[in-house]
Amino acid sequence: MAGLRRRRRRERTVGGVLLGFSIVSILTTLGIVGVLLFDSASFFSEVSPVEFLTGTTWTPLFRPPHFGVLPLLTGSLLIAAGAALVALPLGLAAAIFLSEYAHPRVRNLVKPVLEILAGVPTVVYGYFALTFVTPILRAIWPATDVFNAASASIVMGIMIIPMVSSLSEDAMSAVPRSLRQAAYSLGATKVEVATRTVVPAALSGIVASFILAISRAIGETMIVTIAAGAQPALTLNPFHSVQTMTAYIAQTAQGEAPHGSVEYRTIFAVGLTLFAITLLMNILSGFAMRRFREEYE
Amino acid sequence: MTGPDAAGIEQTGPSNPPRAGATESGPTDRDTSEPRSSAGAQAPMPVAPAPAGVARGGAGGRVERGRAPVRRDPTRFDPRIGRRATFGTIFAIVCFLATMVGILVLATLLIDIFRDGWSRLTFEFLNRFPSRFPARAGVKPALAGSIWVLGLTALISFPLGVGTAIWLEEYAPDNRFTRIVETNIANLAGVPSIVYGILGLALFVRAFAIGRSVLAAALTLALLILPVIIIASQEAIKAVPNSIRLGAYALGATRWEAIRHQVLPLAMPGIMTGTILALSRAIGEAAPVIMVGALGFLAFVPSSPLDNFTVIPFQIYNWVSRPQLEFHELAAAASIVLLALLLTMNGAAIWLRNRYNRKL
């Protein structure tokens with residue numbers, strides 16, 4: 001065993017090093033915000049923020065170029081809305097089943113299997129959307145584009161089911177047993193206890209899971225890059241090809257946009273928009289989750 | 001049974017305007033405050049004529065509004081228990097089917113991938129370079145690149161993540177800075193992976209001039225999974241009973257000695273499980289790797305951290321983006337390789353967790 005003084009010195013060194021490690025995460029955030037703001041600033045010195053936020057055409061390569069982010073934004077929102085349409089009802093129903101109906105043994109089996117859905121790499125989902133779901137859609141509705149929002153939405157919805165089901169199930173399991181017993185003693189049936197007592201009681205936790213899942217859908221890149229196409233279009237038709245913010249960033253980065261060009265800087269302006277939206281949603285979700293914890297934990 | 005409750009129950013039937021009109025007590029009691037209450041005065045009698053109620057409802061809009069809460073009974077109580085039980089069964093079945101949808105799609109996905117890619121999956125496929133000719137293409141550089149990136153990412157993120165977790169759990173004072181660090185980590189966990197890719201492109205590839213290399217990808221992915229490792233490690237360290245620390249202190253150990261020799265060994269299985277799961281996320285990511293500049297055609301296996309590179313997810317993306325069916329089959333075959341890699345890693349994580357659980 002080393003001398004006391006040396007041990008004390010080592011103690012201080014270790015504390016300092018660990019503090020330094022912790023600062024890396026702060027630096028990461030500063031780096032993200034700094035990088036996005038720095039290059040966006042030079043982008044906005046050439047393109048007015050008003051044109052960027054209100055313009056309805058996104059054609060950075062045309063002469064003259066148009067830099068209206070709305071088509072990319074509606075593309076992202078259209079696909080996220082479609083994914084939510086799939087994932088929120090399915091996820092919530094699955095959460096109710098797991099929390100209120102399933103035998104513990106069934107739950108311990110089903111929950112991890114459902115969570116595998118969130119672990120499948122997104123390129124693999126992209127492949128599945130393009131080569132399996134799209135042909136089915138085209139068979140049902142022949143006017144569907146090869147690259148379309150619907151197939152990306154459906155597959156992304158499946159991908160985010162476990163986010164909704166796991167977090168909602170956790171929230172519902174945390175609802176005190178006494179609330180359920182009170183409802184039963186008033187003569188409620190099982191379904192009434194589930195839908196009128198447990199779900200309202202766990203509502204803020206459920207809402208938190210919804211927001212988080214939608215935020216995840218907006219930030220997802222590979223499914224939309226592979227299956228939704230590369231055509232910025234201001235449309236709400238899910239059978240059309242659309243381009244999302246994430247897909248634009250990925251496709252532009254691959255196109256070897258010359259460093260320092262306006263096109264290169266669009267990556268950062270669109271990235272900043274994406275970052276702001278997802279950050280806002282994550283904060284909202286955290287807020288809802290904290291409210292839920294205050295109530296029951 | 002003439003109270004408002006009875007009226008409420010009566011009215012929850014499918015929908016029957018005559019009955020609603022016949023309601024005597026509920027609304028009419030309130031009507032007594034109305035100026036023209038001469039007719040209303042008769043109302044409390046059990047046999048108020050139904051037409052009168054309807055007529056009054058029709059004449060004064062205010063009365064109609066006053067009645068609304070009674071008609072829309074907030075409890076929506078239905079006394080027909082058989083019906084409610086049937087609805088309960090239907091609801092349970094719907095919830096069960098909804099749960100099965102996810103599992104069925106997962107099964108369909110796996111079957112689809114295996115059906116498409118199985119015939120392409122040979123030993124040569126693992127040992128060949130990408131090619132313009134599908135029959136000659138392989139995933140060797142992508143597989144090697146993924147393993148390179150996996151190793152480097154682990155080397156960078158493991159000490160950083162575990163160190164941060166130790167600091168937060170064992171050293172951090174309860175002050176504003178600590179809270180900022182914790183909130184910041186929670187927020188970082190929700191940042192889309194493509195945004196990390198932008199950071200990697202601007203910071204590592206350009207500003208630090210590391211170039212489109214294995215190292216740039218590993219640094220980017222390390223930052224991406226850092227919050228996951230920190231949070232998992234924090235949980236593992238929290239689970240170590242405080243009596244262990246106190247015992248070490250009582251024997252004269254310093255704080256670091258207690259952590260190094262007592263807390264960490266006990267928390268390590270949990271930390272390892274979390275780290276492996278985080279790494280398996282890193283290995284499946286394609287978006288940040290696209291940003292950092294993976295290459296679609298790589299005719300060599302990277303031999304240093306500064307070499308150009310590609311990884312399996314990027315190779316899959318590259319192949320699936322081609323219109324030819326043969327390349328789609330290659331993408332499916334590469335997906336099987338990737339899934340096998342992930343399955344191995346997850347298996348290791350589960351094995352560690354089970355071993356750990358048995359010990360406690």
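With charges set only on the Cβ (+1 for Lys and Arg, -1 for Asp and Glu), what does the dipole of chain A come to about its Cα centre, in debye to the nearest 20? The partial results should precede the final answer.
Numbers: 21 positive and 16 negative charges, 315 e Å.
With Lys and Arg at +1 and Asp and Glu at -1, about 1520 debye.
Protection proxy ranking for A:17-29, B:271-283, B:198-210, using the average of other Cβ atoms within 10 Å per residue and placing the highest first: B:271-283, B:198-210, A:17-29. The residue list A:Met289, A:Val17, A:Thr28 was ranked by how far each Cα lies along the charge dipole of chain A toward its positive end, using unit charges on Cβ atoms, and A:Val17 comes out on top. Placing a pseudo-label 7 Å from each Cα along the Cα-to-Cβ vector at B:Thr178 and A:Thr59 gives an inter-label distance of 5.8 nm.
To make sure I understand, if each residue's beta carbon is the centre and we count other beta carbons within 10 Å, what order do A:Met172, B:Met268 fall in, fewest to most? Display every interim value, and only then the final one.
Values: A:Met172 21, B:Met268 16.
The order, fewest Cβ neighbours first, is B:Met268, A:Met172.
Over the range A:158-259, the pair-distance histogram of Cα-Cα distances with 10 Å bins from zero comes to 14, 29, 21, 17, 13, 6, 1, 0 percent, rounded to whole numbers. Note on the protein assembly as shown: dipole from Cβ charges, positive end direction compared against B:Leu295, A:Thr266, A:Phe44; the farthest Cα belongs to B:Leu295. Label zone (A:Leu179, point 7 Å along Cα-to-C-beta; backbone nitrogen cut-off 16 Å) within the range A:258-297: A:288-297.
Quick one: Debye curve from the C-alpha atoms of the range A:59-296, no solvent, what's log10 I(q)/I(0) at q = 0.07, 0.10, 0.14, 0.15 Å⁻¹? Those come out to -0.28, -0.54, -0.92, -1.00, one per q.
Span-like helix check, chain A: qualifying full DSSP H segments, with Cα axial length of 15 Å or more and mean Kyte-Doolittle of 1.0 or more, are A:70-96, A:149-173, A:203-219.
For the range B:175-309, with only Lys/Arg (+1) and Asp/Glu (-1) charged at the beta-carbon, what is the dipole magnitude about the Cα centre, in debye rounded to 20?
Details: 9 positive and 5 negative charges, 66 e Å.
My answer is approximately 320 debye.
Ordering B:Pro227, B:Leu246, B:Leu215 by the projection of their Cα atoms onto the charge dipole of the range B:146-263, which places +1 on the Cβ of Lys and Arg and -1 on the Cβ of Asp and Glu, puts B:Leu215 at the extreme positive end. Size check on the range B:123-359: the Cα extents along the three principal axes, sorted descending, read 69, 42, 29 Å.
Inverting the pair-averaged 1/r between distinct Cα atoms of the range A:5-107 gives 19.5 Å as its Kirkwood hydrodynamic radius.
Per residue of B:218-229, what is the mean number of Cβ atoms on other protein chains within 10 angstrom of that residue's Cβ? Before the final figure, lay out the partial values.
On the way: counts 0, 0, 0, 0, 2, 6, 1, 0, 4, 2, 0, 0.
Average per residue, whole number: 1.
Computed from point charges on the beta carbon alone (+1 for Lys and Arg, -1 for Asp and Glu), the dipole magnitude for the range A:4-45 about its Cα centre is near 820 Debye.
Per residue of A:271-283, how many C-beta atoms from partner chains lie within 10 Å of its own C-beta, taken as a mean?
Averaged over the peptide's residues, the number is 3.
If you stretched the chain out fully between B:Ala250 and B:Phe114, how much longer would it get, using 0.36 nm times the residue separation minus the C-alpha to C-alpha distance? Walk me through the numbers on the way to the answer.
On the way: separation 136, 0.36 × 136 = 48.96 nm, distance 5.85 nm.
Here the answer is 43.1 nm.
Model label sites at B:Ile93 and A:Ile23, defined 7 Å from Cα along the beta-carbon direction, differ in position by 6.4 nm.
As a proxy for reagent exposure, A:Val106, A:Val207 were ordered by neighbouring Cβ count within 10 angstrom, fewest first; the result is A:Val106, A:Val207. Mean per-residue shielding of peptide A:94-100 is 5, counting Cβ atoms of other chains within 10 Å of each Cβ. Over the protein assembly as shown, the ratio between the Cα radius of gyration and 2.2 N^0.38 Å evaluates to 1.16.
So, in Å, what gap is there between the alpha-carbon centers of the range A:210-254 and the range B:159-213? The range A:210-254 and the range B:159-213 have Cα centres spaced 26 Å from each other.
Fully extending the segment from A:Arg196 to A:Arg105, taken as 0.36 nm per residue of separation minus the present Cα-Cα distance, adds 30.2 nm.
Once the range B:187-302 is represented by equal point scatterers at the alpha-carbon sites, with solvent omitted, what log10 I(q)/I(0) does the Debye formula produce at q = 0.16 Å⁻¹? Ignoring solvent entirely, the Cα scatterers give -0.79. Using a cutoff of 8 angstrom between alpha carbon atoms and counting only pairs six or more residues apart, the relative contact order for chain A works out to 25 percent. Spin-label model, B:Leu325 to A:Ala118: label points 7 Å out along the Cα-to-beta-carbon direction sit 3.8 nm apart. Taking all Cα pairs closer than 8 Å and separated by 6 or more residues, the relative contact order of the range B:304-360 comes to 27 percent.
Based solely on its DSSP helices, what 222 nm [θ] is calculated for the protein assembly as shown when runs of n ≥ 4 H residues each add -39,500 (n - 2.57) and the sum is averaged over all residues, nearest 500 deg cm²/dmol?
-22500 deg cm²/dmol
Throughout, read-outs are computed from the coordinates displayed, never taken from laboratory work. Quick caveat: nothing in here was measured; it's all calculated off a predicted structure. Methodologically, a virtual Cβ is constructed for each residue, glycine included, from the backbone with ideal geometry; neighbour enumeration extends over all protein chains shown.
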